[in-house]
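**Student:** I have a structure I would like to understand better, so I am pasting it below and will then ask my questions one at a time.
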There are 2 protein chains.
Amino acid sequence: MNKEYSAAVADDVLKINSRLLACPELCVKGREPELRVIEAENYALSVGGKRIRPVLAIEFYRLFSESGSVPDWVYDAAIALEMTHTFSLIHDDMPEMDDDELRRGMPATHVKYGADVGLLAGDGLAIAAYEVLSRLALEGKIPAETAVKLIHILSSGAGNRGMIAGQMLDLWSEKNHGGVDEAFLRKMSNRKTGCLLKASCLFGAVMANAGDEGISRAESYAEKVGLAFQIVDDVLDVTSSEETLGKPVLSDRERGKPTFADILGLEGAMAEAKRLSELAAKELEEYPRSGLLREFALSLAERKK
Amino acid sequence: MNKEYSAAVADDVLKINSRLLACPELCVKGREPELRVIEAENYALSVGGKRIRPVLAIEFYRLFSESGSVPDWVYDAAIALEMTHTFSLIHDDMPEMDDDELRRGMPATHVKYGADVGLLAGDGLAIAAYEVLSRLALEGKIPAETAVKLIHILSSGAGNRGMIAGQMLDLWSEKNHGGVDEAFLRKMSNRKTGCLLKASCLFGAVMANAGDEGISRAESYAEKVGLAFQIVDDVLDVTSSEETLGKPVLSDRERGKPTFADILGLEGAMAEAKRLSELAAKELEEYPRSGLLREFALSLAERKK
């Protein structure tokens with residue numbers, strides 16, 4: 001992420017982190033043994049992370065809202081996206097999946113807390129997202145109709161035909177290299193990364209009551225950004241260092257996983273990421289408050305970690 | 001489960017199974033590799049199972065509804081409970097948890113599909129429950145306010161302070177026998193089993209717009225039934241056979257887990273289960289359509305598997 005962008009979203013990120021800390025579903029008070037799983041969830045949430053998904057939700061809310069100011073409940077709803085993302089990271093790092101012992105330079109959750117607690121912590125965060133969103137509706141902070149839309153956006157983006165499908169394709173690709181071509185990689189990347197990024201953008205648009213045109217712009221932006229993001233991820237796995245990335249590099253290659261870097265070549269992949277991120281930025285250029293979102297899209301092709 | 005009860009709920013169970021088959025979130029059409037995870041979810045759902053949780057929801061709906069007849073959307077919402085229960089079984093059987101290779105006499109999901117796909121199948125089912133409930137609201141089959149209540153009941157019953165807490169207590173108890181007394185077992189059983197059974201009863205009551213008195217009866221019934229259920233489970237682990245139970249017996253003892261059977265003795269445990277199931281049945285005796293639910297409670301002390 002480049003410096004201008006990082007500085008601009010720093011306030012959002014601070015607020016997201018403070019709302020995560022205030023979230024009753026994640027509160028650990030007392031010494032009862034069952035709280036250990038929530039402690040593990042907080043650990044997984046706390047080890048860095050750029051909070052890209054809630055930031056996208058918040059910035060899309062700002063874009064489409066009348067005043068451009070963002071009330072607390074928007075942050076509270078947006079943290080459900082970070083919970084979902086973090087649950088997927090915990091499970092993805094586990095021995096039966098990618099078997100990664102490091103995440104953002106720190107021990108992965110299952111390494112620090114054991115695989116049993118890690119499994120439960122992923123489950124707990126996956127469920128907590130829906131607890132948060134439904135609670136906000138019961139507290140009268142979000143209309144029930146809006147909450148139901150958010151819950152459907154999140155669960156379909158994360159579920160069997162979204163992120164879970166992407167994880168399944170990822171597993172399949174490790175054992176079936178011959179079946180992996182560019183179209184497959186685009187589909188896998190869309191499901192693995194794109195679907196939850198799209199859900200994030202839609203979160204903001206729906207909370208701000210954006211019309212059909214706005215929703216469709218948000219979707220189109222998200223699709224391009226999601227793909228650019230994954231392409232750069234593949235390239236960084238080859239060109240970056242463990243120190244910069246906070247996790248082992250060349251991990252895809254070690255597993256024999258074909259990536260965009262293999263299929264398009266490093267230069268071709270970066271050119272495609274640049275093309276997509278420019279198209280994404282263009283989607284929003286008519287909107288007065290879109291500077292940060294356009295900057296985010298453009299920064300993808302320059303990110304170093 | 002005794003024969004009268006089984007016969008009486010057979011129609012409910014048939015309908016639940018047919019609604020599970022019709023559920024678009026679980027539909028497998030085509031040969032795309034990502035469908036394998038949904039196939040694993042269907043497998044886990046299909047290997048037997050008494051469908052106790054959706055049956056409780058349906059019977060509580062029948063109890064509190066005006067006509068006593070149950071529309072399709074009630075079945076469709078109730079299957080979210082079975083999805084949640086089945087997700088917990090898949091993850092509970094995994095090597096890092098109970099490491100059980102058999103479930104209801106069949107290979108556990110992670111044995112049949114591999115631990116990686118098993119992990120994802122549990123995740124997929126956990127999320128699909130919320131996809132189903134929010135979709136029913138978007139389709140206009142459930143009012144958004146009701147859907148939000150159901151989603152909160154399910155997520156809080158299954159989440160960090162419900163079923164997940166129970167699983168965490170279970171892990172803790174394996175390593176801390178000294179800290180396990182009757183009060184601990186009651187709490188663990190409440191979280192592990194009771195919370196989702198309570199959610200099931202509340203599902204029916206909320207869908208039928210039961211008043212405060214009805215909700216409170218449903219909760220009280222569920223708490224007693226949940227505890228009786230777990231006590232009998234502990235006893236069957238000692239007294240039953242692998243053939244009858246469909247899973248290995250003496251598994252708690254092998255893991256050195258203290259159970260109600262140890263702490264109350266076999267006879268004491270069964271007496272307590274009987275007392276609780278009679279109290280549960282008594283909660284509902286004023287309601288004309290409560291026969292099946294009372295029968296269910298009473299049958300718990302007699303169940304053989």
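**Student:** Please check the range B:8-41 for residues whose accessible area, probe 1.4 Å, is lower by 50 Å² or more when all protein chains are in place than in their chain alone.
**Tutor:** B:Pro33, B:Glu34
**Student:** So which aspartates and glutamates can B:Lys141 reach, going by Cα to Cα under 15 Å and dropping same-chain residues fewer than 8 places off?
**Tutor:** Candidates past the 8-residue exclusion: A:Glu145, B:Asp72, B:Asp76, B:Glu131.
**Student:** What is the Cα coordinate range of the range A:89-240 on the first, second and third principal axes, sorted by size from largest, in whole angstrom?
**Tutor:** Sorted largest first, the three principal extents are 45, 37, 27 Å.
**Student:** On to the next question. Please state the charge dipole magnitude for the range A:3-300, taken about the Cα centre, from unit charges on C-beta atoms (+1 on K and R, -1 on D and E), reported in debye and rounded to the nearest 20.
**Tutor:** 420 debye
**Student:** Something else: Could you compute how much accessible surface B:His110 exposes when probed at 1.4 Å, giving the result in Å² to the nearest 10?
**Tutor:** Counting only protein heavy atoms, B:His110 exposes about 20 Å² to solvent.
**Student:** Can you list, shortest first in nanometers, how far B:Glu302 lies from the same residue in the other copies, with each label 7 Å from Cα toward Cβ?
**Tutor:** 7.6
**Student:** Now for a different question. How would you order A:197-204, A:137-144 from highest to lowest mean count of nearby Cβ atoms within 10 Å? Intermediate values should be presented prior to the final figure.
**Tutor:** Details: A:197-204: 27.0, A:137-144: 16.5.
Packing proxy ranking, top to bottom: A:197-204, A:137-144.
**Student:** Determine which lysines satisfy two conditions relative to B:Lys304: a Cα distance under 21 Å, and not lying fewer than 8 residues away in the same chain.
**Tutor:** B:Lys3, B:Lys50, B:Lys192, B:Lys224, B:Lys247, B:Lys274
**Student:** Suppose you put the label 7 Å out from Cα in the Cβ direction; list, shortest first and in nm with one decimal, how far B:Arg255 is from each other copy's label.
**Tutor:** Here the equivalent label points are 2.8 nm apart from this one.
**Student:** If you take the Cα atoms of the range A:152-305, find Rg, then find the Kirkwood Rh from the mean of 1/r over all pairs, what is Rg/Rh? Write down the numbers at each step before the final one.
**Tutor:** Numbers: Rg = 15.9 Å, Rh = 16.1 Å.
Looking at the range A:152-305, the ratio lands at 0.99.
**Student:** Any idea how far apart A:Asp72 and B:Glu267 come out in nm if each label point goes 7 Å out from Cα toward Cβ?
**Tutor:** According to this spin-label approximation, the distance is 5.9 nm.
**Student:** Once you charge only the Cβ atoms, +1 for Lys and Arg and -1 for Asp and Glu, what is the size of the charge dipole of the range A:144-261 about its Cα centre, to the nearest 20 debye?
**Tutor:** I would put it at about 280 debye.
**Student:** Further question on the same structure: Using DSSP H assignments, which helices in chain A have an axial alpha-carbon span of 15 Å or above and a mean Kyte-Doolittle hydropathy of -0.5 or higher?
**Tutor:** Helix filter hits for chain A: A:3-22, A:35-46, A:52-64, A:72-93, A:115-138, A:144-158, A:163-175, A:195-207, A:212-239, A:266-283.
**Student:** Would you kindly work out, in nm and rounded to one decimal, the distances from the label point of B:Glu278 to those of the same position in each other copy, ordered shortest first, with label points 7 Å along Cα-to-Cβ?
**Tutor:** With the label placed 7 Å along Cα→Cβ, B:Glu278 yields 8.2 nm.
**Student:** Round to a whole angstrom and tell me the spacing of the C-alpha centers of the range B:63-115 and the range B:182-236.
**Tutor:** Comparing the Cα centres of the range B:63-115 and the range B:182-236, I get a distance of 17 Å.
**Student:** In 10 Å bins starting at zero, report the fraction of Cα pairs in chain B per bin as a rounded %.
**Tutor:** Taking every Cα pair in chain B, the percentages come to 6, 28, 37, 23, 6, 0.
**Student:** A further question on this structure: Provide the convex hull volume over Cα atoms per residue for the protein assembly as shown, in Å³. Write out the running numbers ahead of the final one.
**Tutor:** Details: hull volume 86.5 nm³, N = 610.
In the protein assembly as shown, the Cα hull volume divided by residue count equals 142 Å³.
The values are calculated or read from the model by the stated rules, or taken from the named source; none is laboratory data. Please read all numbers here as calculations on a predicted model, not as lab measurements. No Cβ is skipped: glycine too gets one built from the backbone with ideal geometry, and neighbour counts run over all protein chains shown. All accessible areas refer to the heavy atoms of the entire protein, side chains included, with ligands and DNA or RNA removed. Shrake-Rupley method; radii C 1.70, N 1.55, O 1.52, S 1.80 Å.
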